[in-house]
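Below: the structure, in structure tokens.
The values are calculated or read from the model by the stated rules, or taken from the named source; none is laboratory data. Treat the numbers as computed from the prediction; the structure is a model and nothing was measured. Cβ placement follows ideal geometry from the backbone for every residue including glycine, while neighbour counts extend to all protein chains displayed. SASA here: full protein model, heavy atoms, side chains in, ligands and nucleic acids out. Shrake-Rupley method; radii C 1.70, N 1.55, O 1.52, S 1.80 Å.
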Number of protein chains: 2
Amino acid sequence: MKLLVFLFLITLFISYTTSASTFKHPLDPLTPSELKLVRSTVQKTYKASSPTLTFQYIGLDEPEKALVLSWQSSNAKTKAPPRRALVIARFKNQTLEITVNLSKRSIVSTKVYTGHGFPMTTFDEQDFVVELLFKYTPFIESVHKRGLNISHVVCSVSSVGWYGEIKSKRTLKLQCFYSQGSSNLFARPLEGITVVADLDQRKIVEYFDRANIPVPKAEGTEFVASKQKPPFGPTLTGAAFVQPNGPGFKIDGHSISWANWEFHVGYDIRAGPMISLASIYDLQQQRYRRVLYRGYISEFFVPYMDPTANWYFKTFLDSGEFGFGQSMVSLDPLADCPANAAFLDAYFAGEDGLPVKIDNAICIFEKYAGDIMWRHTETELIDKEIREVRPDVSLVVRTVSTVGNYDYIIDWEFKPSGSIKMGVGLTGILGIKGTSYTHVDQIKEDVFGTLLADNTIGVHHDHYLTYHLDLDIDGEANSFMKTNLESVRVTDDNSPRKSYWTVVRETAKTEGDARIKLGLKASELAIVNPNKKTKAGNKMGYRLFPGTVAHPLLLSDDYPQIRGAFINYNVFVTPYNKSEKWAGGLYADQSRGEDTLAVWSLRNRSIENKDIVLWHTVGIHHVPCQEDYPIMPTLSGGFEIRPTNFFEINPVLKAKTPKPVRLPKCNSQP
Amino acid sequence: MKLLVFLFLITLFISYTTSASTFKHPLDPLTPSELKLVRSTVQKTYKASSPTLTFQYIGLDEPEKALVLSWQSSNAKTKAPPRRALVIARFKNQTLEITVNLSKRSIVSTKVYTGHGFPMTTFDEQDFVVELLFKYTPFIESVHKRGLNISHVVCSVSSVGWYGEIKSKRTLKLQCFYSQGSSNLFARPLEGITVVADLDQRKIVEYFDRANIPVPKAEGTEFVASKQKPPFGPTLTGAAFVQPNGPGFKIDGHSISWANWEFHVGYDIRAGPMISLASIYDLQQQRYRRVLYRGYISEFFVPYMDPTANWYFKTFLDSGEFGFGQSMVSLDPLADCPANAAFLDAYFAGEDGLPVKIDNAICIFEKYAGDIMWRHTETELIDKEIREVRPDVSLVVRTVSTVGNYDYIIDWEFKPSGSIKMGVGLTGILGIKGTSYTHVDQIKEDVFGTLLADNTIGVHHDHYLTYHLDLDIDGEANSFMKTNLESVRVTDDNSPRKSYWTVVRETAKTEGDARIKLGLKASELAIVNPNKKTKAGNKMGYRLFPGTVAHPLLLSDDYPQIRGAFINYNVFVTPYNKSEKWAGGLYADQSRGEDTLAVWSLRNRSIENKDIVLWHTVGIHHVPCQEDYPIMPTLSGGFEIRPTNFFEINPVLKAKTPKPVRLPKCNSQP
């Protein structure tokens, strides 16, 4: 049995990793050979000799939606749409947008971007400026002044944000930590040092050492198992989980089919995972019906709440500044995902354009959580008790993006009942600030966080993840419908009741009707297809079930909130527009809020019976607590979209309970 | 292997079902022999001859909290507190509260209750009035008039509520359904018939047949697997789940220990499952620390939104009127709970006082959902990448209560990280109203629901579950703390920031400070122990993470809302008071709102540094949709309590990943 499982895993690895060299689907991410082709094509024009062109972003230039849909509806029998790559590069201190036609191996167009904001920084340039710092004498002196051993100092970068500067330079700030005696460097900041590195000049342009705040001690910060001392615990019992006939899903390249779902799992080095063309099989209509054309996390806003010199700028746009996709990490096969998971690799381009592989970046598994799909016990019938129960199984697509200290677990969960659940798990290390305090009683000022240990403050912050959900509810032409629940006073004296609630439905005509702050009134929000109705006459739709929402607490005239204005509402709806992909703007680094979802939405375009996009922001205000230290137990949030009059009846009414699995006959005990 | 598993299951059944005859813990529910003893003791005084005393409720008369705690702290070496039962009986048209001392086999006290409201109705009297109806000529005529075969008519009862009547009689209304050709009787109401049965007179006292509305057809309503016709689907893959060394939890009577948790699982025939004395082991303090003294669902308010003659009264208090505990149903071993579940039986007393057994009423299982307990990938360290991941496991205690058409899945989930998640799953059959309509376009009036099929309306309604959580955060003396997140405008010109948010903590002094409508402001709510602080000086506490909340939409002067005023706030905090158990009042049937949580709270008692109870209401407004028909896919809700500065550090920092389980060596394939 063990051997069987092992062989099965090997098979998975073989079959799912060799697909890297060719694409099978127009929405497949660029393969390593395609990335190389993009590189050589661009370098033909922009010589490899100095000054060097740097690749800040290479990704699929998405084909026109109409072309993808017609390719799909022909069952891939027609020619795939032209395969193109979008390159964002820096060359001679300019930002270039270069479109490459892959089959023609040629540059289609080049545009110099002259607006505000800069492209994502690359890992290579981040590493470069960190190395600069270690050769920078004032820094070495700062380390010595603190009595630290420079060989244990580790530095990383921070974006600088925008605070009203008229002229922006492409810079990063650096922040350093101490790693002697503990792997948990983020728990041990070297507070008080300001370093600014210019990425175009490639040098340190600002340095200041403010204060000598103690570096938190190593003691109590370690999280690596092998370095822990007893007592250990709690003890958890292992279990073996076996699907002797393999998983219930099929993977063909990046296309997944499972139960009544089929969809495409791609990724982008900025967005991370992207789910496309998710369709569900309708047993009554005997066909797949599209729900989601494309869904991904568009931006990720993480402002910290410390306005002082060393911290004020920490107001990250994690996707646009650092790349939520290139921050995906390799998943641990038996811990990040259960034993029945299959894995896909991911590739991104380094600054030099060469592909970099992330092994096991995406896992796909069937989740057996012990949930009940539906049930009923009927005791009213004479002489018989009926008990019908269907256990639930779902399919999860998981990635983890580690952006510096934080680890974000991103789940897309598909349920046979038609729901898609978007799960967000926050774990990793808090953003920690050094302090001289060792007890709350000493503190007589606002320290902008929670004192967690000696010299250790977990700084207040928020997490806002804005999802782009291009829902296509059984076709592109959709509307956004609010079903408001309204109290009614009964005026009919025949009724003993004085009140009830009823529903008042309202279809949003323009974007302005669809900017929603949740929690203010009882309302169900749905994307419906106004052209398709159930037999009884209800509009077919999918409803948003918000989970974790938060409203901004930064003032609206504050710079980070101007850049992050796309979270001013929990829900936006916009007409589909290929260029409106990134809620915080295409050039998020040092952006000035001119190209955000909030700005687009002000055009107040018509959204009725149109191809529309639903934007929903998951928000969490985070007041750190002792339990988050030295490493955070996962804090989970998310939301769900759920069919609402999309089907005529419960789509899992006729699902059968899976047959009990027979394990092999065994002749000995473990 | 299969044999092994089977043997293991048999062992479970034996060991956990023989405990019924004796109690081991002062909070154990009454055993069958104790129920019999209560019966014989009461019947000694109230002769078995006519007029008969009926047992409306028999439950444990909870021992004083101080006695239970001292018994527990002595490790059960001191004598258990006196074992008493509370009987609520009807005798000569009066409600009696009888306390029985079990060891002395004597009645301790008897009180005649003369206030408003009545005790729970028994299944026996419900059955009795249904039988009456089938002998009632006008009803037989109504059935004939509809052209129906009376042998397929099924009737059930409904509580009548209170609508300002000055004098209340103990009555039930009856509602009938048609079962020919489908098991789904609740989808096929005989609309238009009003029947009132008097429970004391034991006769039909009111009958009216309003209209001949069509009975919905059988077609499309069936949910029983064996009666479905192809096509079937979706197809789900089975998996074998094996814990070769048995589960990680231990069950001793009703006491459970698992990982770092220990707690008691009891039940009450009114409340359903009750979790008591939940404590978590603190690795640093090397001791168990109490979190929850006693938690259960106190009341369950389900008002329907149809004010017309046949429906206005459907505003149920499911616990107080019908008994959420006696409505628990037997769980299906491989569908309601996974293969690794253990089961406990439950017993309640019938009207005659004799014990009735519910097999497998409670299941307990380890949930392996593929979640990540915590993780971090550290790439900043030179020459090594660190990846530490701990997979999560939790322990679930599950019951299902079926109250007529609805099935409520109630989960208590314990996580090693200290969280307790209260899960509520809604499934079963909608409350359906017959109508002459067959298409939405025909409807020009408010029909109070969604037209789902020909002649079939799913009526708008709400579900409010009010949890009683007697939290004891490391001791009884606790406070309720609001941590308000407040925007601050930066006035220091040295900071480029214009704003941030900070926390303002506020300890509730009285009950009035602790009535909370959630969603209005950013605030973290916690029960803290003001006398215990972490080393850094933070108050130890547990935080409420609300999940599914709803605000009432019925007007506050409407009778159902006067009775259901305990849901006017999402959170209440009261001082512990043994008599304040039932949020809707001890006598909920036809209650007048005089004995609700909302009324108790108006006394505005001090709740600072006292033994306090947190009440939290999970609320769902339900606009039915096509997918809910003919049987509802589970709609999940709930909330979580999570340690917040309760521990010094992450309590699962030193949890080890469970060892991979070795399956037996096998010599053949399945």
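Does any residue of region A:499-516 turn out to be farther than 19 Å from A:Ser479 by Cα and either away from every other protein chain (no Cβ under 12 Å) or open to solvent by 50 Å² or more (accessible area, probe 1.4 Å) (or both)? Even if it seems obvious, please write down each step before you answer.
The first filter runs over region A:499-516 and keeps only residues farther than 19 Å from A:Ser479 by Cα, leaving A:499-502.
Imposing the further condition that a residue be either away from every other protein chain (no Cβ under 12 Å) or open to solvent by 50 Å² or more (accessible area, probe 1.4 Å) (or both) reduces the set to none.
Checked region A:499-516: no residue is farther than 19 Å from A:Ser479 by Cα and either away from every other protein chain (no Cβ under 12 Å) or open to solvent by 50 Å² or more (accessible area, probe 1.4 Å) (or both).
Before we move on, is B:Leu344 closer than 20 Å to B:Ile251 by Cα and touching a residue at least 12 places away in the same chain (Cβ under 8 Å)? Yes; evaluated as a whole, the condition is true for this residue.
Going through region B:46-91 one residue at a time, which ones are hydroxyl-bearing (Ser, Thr, Tyr) and buried (at least 17 other Cβ atoms within 10 Å of the Cβ)? Steps first, answer last, please.
Restricting attention to region B:46-91, the residues satisfying the condition of being hydroxyl-bearing (Ser, Thr, Tyr) are B:46, B:49-50, B:52, B:54, B:57, B:70, B:73-74, B:78.
Selection gives B:Tyr46, B:Thr54, B:Tyr57.
Looking at A:Leu553 and the list (1) within 14 Å of another protein chain (Cβ to nearest Cβ); (2) open to solvent by less than 40 Å² (accessible area, probe 1.4 Å); (3) under 23 Å from A:Thr644 (Cα atoms), which single condition is not satisfied? A:Leu553 satisfies all of (1) within 14 Å of another protein chain (Cβ to nearest Cβ); (2) open to solvent by less than 40 Å² (accessible area, probe 1.4 Å); (3) under 23 Å from A:Thr644 (Cα atoms) except (3). The criterion of at least 1 residues that are surrounded by 19 or more Cβ atoms within 10 Å (Cβ to Cβ) and more than 7 Å from chain B (Cβ to nearest Cβ) is met by the following strands (runs of 3 or more DSSP E) wholly inside region A:376-428: A:394-403, A:406-414, A:420-428. If you check A:Pro216, A:Pro307 for being outside the structural domain of A:Lys415 (by TED's automatic domain parsing) and over 28 Å from A:Val87 (Cβ atoms), only one passes: A:Pro216. Taking region B:579-621 as the range and being closer than 23 Å to B:Val160 by Cα, assigned to a strand (DSSP E or B) and of a type in the set (Lys, Arg) as the test, no residue passes. When you look at B:Asn484, is it closer than 19 Å to B:Phe647 by Cα, more than 10 Å from chain A (Cβ to nearest Cβ), among the polar types (S, T, N, Q) and open to solvent by less than 20 Å² (accessible area, probe 1.4 Å), yes or no? Answer is no for this residue. Exactly one residue out of B:Asn529, B:Asn568 is open to solvent by less than 30 Å² (accessible area, probe 1.4 Å) and at pLDDT 95 or above: that is B:Asn529. Within region B:258-277, the presence of a residue that is surrounded by fewer than 20 Cβ atoms within 10 Å (Cβ to Cβ) and either within 30 Å of B:Ala588 (Cβ to Cβ) or out of contact with any Ser or Thr (no Cβ under 7 Å at 6 or more places or on another chain) (or both) is excluded. Here A:Phe313 fits the description: open to solvent by 10 Å² or more (accessible area, probe 1.4 Å), under 30 Å from A:Phe208 (Cβ atoms) and either modelled with pLDDT of 95 or more or in the same structural domain as A:Arg90 (by TED's automatic domain parsing) (or both). Residues that are at pLDDT 95 or above, open to solvent by 10 Å² or more (accessible area, probe 1.4 Å), assigned to a loop (DSSP other than H, G, I, E, B) and in contact with a Leu (Cβ under 7 Å, 6 or more places away or on another chain) do occur in region B:652-664, at least one of them.
Residues are listed down the side, and each one gets a yes or a no for (1) surrounded by fewer than 22 Cβ atoms within 10 Å (Cβ to Cβ); (2) over 20 Å from B:Phe128 (Cα atoms); (3) without any contact (Cβ under 8 Å) to a residue 12 or more places away in the chain:
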site	(1), (2), (3)
B:Leu174	no, no, no
B:Phe177	no, no, no
B:Ala187	no, yes, no
B:Val196	yes, no, no
B:Leu199	no, no, no
B:Asp209	yes, yes, no
B:Ile213	yes, yes, no
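When we screen A:Thr221, A:Thr237 for residues that are open to solvent by less than 10 Å² (accessible area, probe 1.4 Å) and in contact with a Pro (Cβ under 7 Å, 6 or more places away or on another chain), the only hit is A:Thr221.
In region B:323-347, the qualifying residues are those that are under 30 Å from B:Arg39 (Cα atoms) and open to solvent by 20 Å² or more (accessible area, probe 1.4 Å), and the one that is nearest to the other protein chains (Cβ to nearest Cβ) is B:Ser330.
Would you mind stating whether A:Ile358 is outside the structural domain of A:Ala187 (by TED's automatic domain parsing) and touching a residue at least 12 places away in the same chain (Cβ under 8 Å)? Taking the combined requirement at face value, the residue satisfies it. Taken over region B:564-578, residues that are assigned to a helix (DSSP H, G or I) and of a type in the set (Phe, Trp, Tyr) amount to 1.
Look through B:Ala598, B:Ala588 and report the one residue that is within 19 Å of the chain's Cα centre (by Cα) and either modelled with pLDDT of 95 or more or among the acidic types (Asp, Glu) (or both). So that I can check it myself, show each step before the final result.
Values: B:Ala598 fails: within 19 Å of the chain's Cα centre (by Cα).
Exactly one of B:Ala598, B:Ala588 is within 19 Å of the chain's Cα centre (by Cα) and either modelled with pLDDT of 95 or more or among the acidic types (Asp, Glu) (or both), namely B:Ala588.
Return the residues of region B:429-477 that are aliphatic (A, V, I, L, M) and either open to solvent by 30 Å² or more (accessible area, probe 1.4 Å) or under 30 Å from B:Glu580 (Cβ atoms) (or both); say none if nothing qualifies. Even if it seems obvious, please write down each step before you answer.
So the first thing to find is which residues in region B:429-477 are aliphatic (A, V, I, L, M), and the list is B:429-430, B:432, B:440, B:443, B:447, B:451-453, B:457, B:459, B:465, B:469, B:471, B:473, B:477.
Matches in region B:429-477: B:Val440, B:Ile443, B:Leu465, B:Leu469, B:Leu471, B:Ile473, B:Ala477.
Where strands (runs of 3 or more DSSP E) fall entirely within region A:150-247, those with at least 2 residues that are within 12 Å of chain B (Cβ to nearest Cβ) and more than 28 Å from the chain's Cα centre (by Cα) are at A:240-242. Quick one: is A:Val129 part of a helix (DSSP H, G or I), modelled with pLDDT of 95 or more and touching a helix residue (DSSP H, G or I) at 6+ places or on another chain (Cβ under 7 Å)? So A:Val129 does not fit the description; no.
Among the residues making up region A:124-172, those that are hydrophobic (A, V, I, L, M, F, W, C), more than 26 Å from A:Lys92 (Cβ to Cβ) and open to solvent by less than 20 Å² (accessible area, probe 1.4 Å) are A:Phe139, A:Val143, A:Val153, A:Val154, A:Cys155. Across region A:278-301, the number of residues qualifying as within 14 Å of chain B (Cβ to nearest Cβ), assigned to a strand (DSSP E or B) and surrounded by fewer than 23 Cβ atoms within 10 Å (Cβ to Cβ) comes to 6. In this structure, B:Glu627 qualifies as within 8 Å of chain A (Cβ to nearest Cβ) and in contact with a Lys or Arg (Cβ under 9 Å, 6 or more places away or on another chain). Under the condition of being in contact with a Phe, Trp or Tyr (Cβ under 7 Å, 6 or more places away or on another chain) and at negative phi, the residues counted in region A:168-206 number 14.
Looking at region A:429-446, which of the residues that are part of a loop (DSSP other than H, G, I, E, B) and aliphatic (A, V, I, L, M) is nearest to the other protein chains (Cβ to nearest Cβ)? Can you show your working first?
Taking region A:429-446 first, the residues part of a loop (DSSP other than H, G, I, E, B) are A:429-431, A:435-439, A:443-446.
Keeping just the survivors that are aliphatic (A, V, I, L, M) gives A:429-430, A:443.
Details: A:Ile429: 6, A:Leu430: 11, A:Ile443: 8 Å.
Ranking the candidates gives A:Ile429 first.
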